[in-house]
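Worksheet: the structure to be examined is printed underneath.
The values are calculated or read from the model by the stated rules, or taken from the named source; none is laboratory data. Keep in mind it's a predicted model, so treat the numbers as computed, not measured. Cβ coordinates were reconstructed from backbone atoms using ideal geometry, including for glycine residues, and neighbour counts include every protein chain displayed.
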Amino acid sequence: MDYKTKLDELILTVIREGGSDLHLGAKRVPVIRVAGELIFLSKQPILTEVDIDGILNEVLKKSQVEKFMENQEADFSYDFRDEARLRGNVFFQKGLICMVFRLVPKVKTLKDLHLPPILGDLVRKKQGFFLVVGPVGQGKSTTLSAMVDLINNEQARNIITIEDPIEHVYVPNKSIINQREVGIDTKDFHIALKSVFREDVNVIMIGEMRTPETISTAVTAAETGHLVFSTLHTNNASQTIDRIIDSFPGNQQDQIRAQLAASLLGIFSQRLIPRITGGLIPAYELLLNNNAVSNLIREKRTHEIDVVIETGSESGMIDLNHSLTELVRTGEISIENAYQYSLNPKGLKRMI
């Protein structure tokens with residue numbers, strides 16, 4: 001079998017159906033995800049272990065296969081005919097190899113993604129720390145790509161991204177853009193992040209903050225004149241701040257709390273919600289750092305941040321329930337989905 005052709009046919013199916021993910025595993029048919037729902041491609045033949053091995057060797061180099069066999073899991077990226085890019089993960093289950101591919105959307109504008117224009121104001125800042133958060137698969141990387149590309153198209157900046165793997169590929173316009181992939185261009189996030197201080201960088205995009213060392217260096221970079229973007233798998237702004245601080249030992253928490261209070265620009269939390277007309281649309285929360293927020297962070301009162309967001313619309317903050325209510329009002333999403341995605345359904349009920 002020509003395994004590259006087979007894989008490309010399956011990827012074409014994902015693209016044609018407007019899907020987001022492709023699941024491949026030995027002893028089962030391929031599965032795709034469309035608008036959040038899994039669809040089994042029952043007309044496709046069941047994939048054998050030989051088939052999976054063949055596809056594996058199409059997406060990974062020999063050295064990567066050897067490393068995968070040693071570690072039993074690996075991240076990778078795959079270019080599809082210079083038309084699309086996918087990020088992937090390969091792993092074992094019950095001794096069998098499985099792969100998941102996620103289609104990386106092309107870099108789009110904030111308007112195309114139905115995101116608030118205020119995010120454009122934030123990318124024009126010269127320094128600070130900005131986080132895009134939410135559960136897995138909610139469009140965090142796509143939002144960051146739109147923000148980075150806006151800088152690229154408007155400003156002459158030196159932008160360095162540190163990713164595992166590289167997802168969106170940028171075409172340099174007014175900026176220099178260097179994209180570094182962990183495992184290929186650098187050993188790990190922390191080492192690459194330490195190096196940027198010697199690389200005359202203006203903007204740093206970190207694909208994911210996985211360790212306290214990476215978080216600490218990122219916050220320090222924001223304090224020392226850099227604009228830093230990253231992501232975390234958290235639900236909202238207050239939880240994000242607590243997660244960052246709690247990742248450090250007790251004797252270091254006061255220091256990181258003070259640094260975060262001083263350097264944070266904001267936190268954007270988003271969810272992708274099924275539209276009534278098909279497809280997905282984001283609902284979001286935006287926290288902007290100001291004197292009140294800085295004081296709450298320093299004084300260990302992050303539980304009060306939700307109230308600040310709810311009452312901070314005049315300063316540009318956005319409450320998730322207000323975002324959901326507006327989507328219901330304009331006929332984009334159903335009331336049922338609004339309640340399902342709300343983090344405060346009782347509060348939402350009072351608004352709808």
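Key figures
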quantity: Conditions (1) at pLDDT below 95; (2) under 16 Å from ILE32 (Cβ atoms); (3) aromatic (Phe, Trp, Tyr); (4) surrounded by 18 or more Cβ atoms within 10 Å (Cβ to Cβ); number of the one not met by PHE101; calculated: (1)
quantity: Single unsatisfied condition, LYS187 versus (1) modelled with pLDDT of 95 or more; (2) surrounded by fewer than 18 Cβ atoms within 10 Å (Cβ to Cβ); (3) basic (Lys, Arg); calculated: (1)
quantity: One residue from GLU310, GLU332, GLU336 being of a type in the set (Asp, Glu), touching a strand residue (DSSP E or B) at 6+ places or on another chain (Cβ under 8 Å) and on the phi < 0 side of the Ramachandran plot; calculated: GLU332
quantity: Selection count where residues are within 19 Å of LEU280 (Cα to Cα) and out of contact with any helix residue (DSSP H, G or I) (no Cβ under 6 Å at 6 or more places or on another chain), scope the range 299-340; calculated: 13
quantity: Residue within the range 264-276 that is touching a Gly at 6+ places or on another chain (Cβ under 8 Å), of a type in the set (A, V, I, L, M) and more than 22 Å from LEU144 (Cα to Cα) present; calculated: yes
quantity: Conditions (1) of a type in the set (Val, Ile, Thr); (2) farther than 16 Å from ILE177 by Cβ; (3) in a strand (DSSP E or B): number failed by ILE160; calculated: (2)
quantity: Which numbered condition ILE46 fails, given (1) surrounded by 13 or more Cβ atoms within 10 Å (Cβ to Cβ); (2) out of contact with any Pro (no Cβ under 9 Å at 6 or more places or on another chain); (3) free of Cβ contacts under 8 Å to residues at least 60 places away in the same chain; calculated: (1)
quantity: Considering residues of the range 104-137 that are in a loop (DSSP other than H, G, I, E, B) and among the β-branched types (Val, Ile, Thr) only, the residue surrounded by the most Cβ atoms within 10 Å (Cβ to Cβ); calculated: VAL123
quantity: LEU10 assigned to a helix (DSSP H, G or I) and within 23 Å of GLU181 (Cα to Cα); calculated: no
quantity: Filter result for LEU343 (at pLDDT below 95, in contact with a helix residue (DSSP H, G or I) (Cβ under 7 Å, 6 or more places away or on another chain) and closer than 23 Å to LEU119 by Cβ); calculated: yes
quantity: Residue that is farthest from MET99 (Cα to Cα) [pool: residues in the range 28-41 that are modelled with pLDDT of 95 or more and part of a loop (DSSP other than H, G, I, E, B)]; calculated: LEU41
quantity: LYS61 vs. criteria surrounded by fewer than 12 Cβ atoms within 10 Å (Cβ to Cβ), within 16 Å of ASN89 (Cα to Cα) and over 24 Å from the mean Cα position of the chain (by Cα); calculated: yes
quantity: Residue check, THR311 modelled with pLDDT under 95 and over 23 Å from SER145 (Cα atoms); calculated: yes
quantity: Any hit, the range 195-209, residues being acidic (Asp, Glu) and more than 20 Å from the chain's Cα centre (by Cα); calculated: yes
quantity: Filter result for PRO165 (within 26 Å of SER263 (Cβ to Cβ) and either at pLDDT 95 or above or under 17 Å from the mean Cα position of the chain (by Cα) (or both)); calculated: no
quantity: Selection count, the range 13-27, where residues are hydrophobic (A, V, I, L, M, F, W, C) and part of a helix (DSSP H, G or I); calculated: 2
